[in-house]
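What follows is a short report on a single structure.
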Amino acid sequence: MRLYKDAGWWMGLTDEDIEGVWQWFDTDERPTFTDFKPGDGGDHNNEDCATFDPVCDYNWVDTSCSDRIFVLCEASGHEYGAAIVG
């Protein structure tokens with residue numbers, strides 16, 4: 001992320017189905033934690049993707065999914081103590 005520190009990053013969270021109800025894109029589960037900037041993350045039509053925003057000290061903001069944003073991917077380790085490199 002340091003190379004692209006001025007870019008927004010989508011973490012896989014969306015309220016596309018029901019405005020203001022955030023769910024993980026791949027599981028439809030609701031998050032147990034959110035970090036939206038104050039006044040954001042609510043009912044904003046056509047802003048359905050939660051992103052880390054560098055302008056707001058990387059607090060979360062809801063953004064249009066059609067905006068040009070980078071995507072974070074999740075990976076898990078295969079064994080205890082195994083490092084993920086890449």
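The table below gives the values:
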| item | result |
| --- | --- |
| Output for segment 40-50, where each listed residue is open to solvent by less than 80 Å² (accessible area, probe 1.4 Å) and either of a type outside the set (A, V, I, L, M) or modelled with pLDDT under 85 (or both) | 40, 41, 42, 44, 47, 48, 49 |
| Some residue of segment 8-25 being of a type in the set (Gly, Ala, Ser), touching a helix residue (DSSP H, G or I) at 6+ places or on another chain (Cβ under 9 Å) and in a loop (DSSP other than H, G, I, E, B) | yes |
| Candidate set from segment 1-29 (those that are under 13 Å from residue 74 (Cβ atoms) and among the aliphatic types (A, V, I, L, M)); member that is least open to solvent (accessible area, probe 1.4 Å) | 13 |
| Residues of segment 31-48 classified as among the polar types (S, T, N, Q) and within 11 Å of residue 63 (Cα to Cα), total | 2 |
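One line per residue, one yes/no per condition, for (1) in a strand (DSSP E or B); (2) at pLDDT 85 or above; (3) over 10 Å from the mean Cα position of the chain (by Cα):
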{"residue": "31", "(1), (2), (3)": "no, yes, yes"}
{"residue": "34", "(1), (2), (3)": "no, yes, no"}
{"residue": "52", "(1), (2), (3)": "yes, yes, no"}
{"residue": "60", "(1), (2), (3)": "yes, yes, no"}
{"residue": "84", "(1), (2), (3)": "no, no, yes"}
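The values are calculated or read from the model by the stated rules, or taken from the named source; none is laboratory data. This structure is a prediction, so every number in the text was calculated from the model and none was measured. Note: ideal-geometry Cβ built from the backbone for every residue, glycine included; neighbour counts use all protein chains shown. For accessibility, only protein heavy atoms count, side chains too; no ligands or nucleic acids. Shrake-Rupley method; radii C 1.70, N 1.55, O 1.52, S 1.80 Å.
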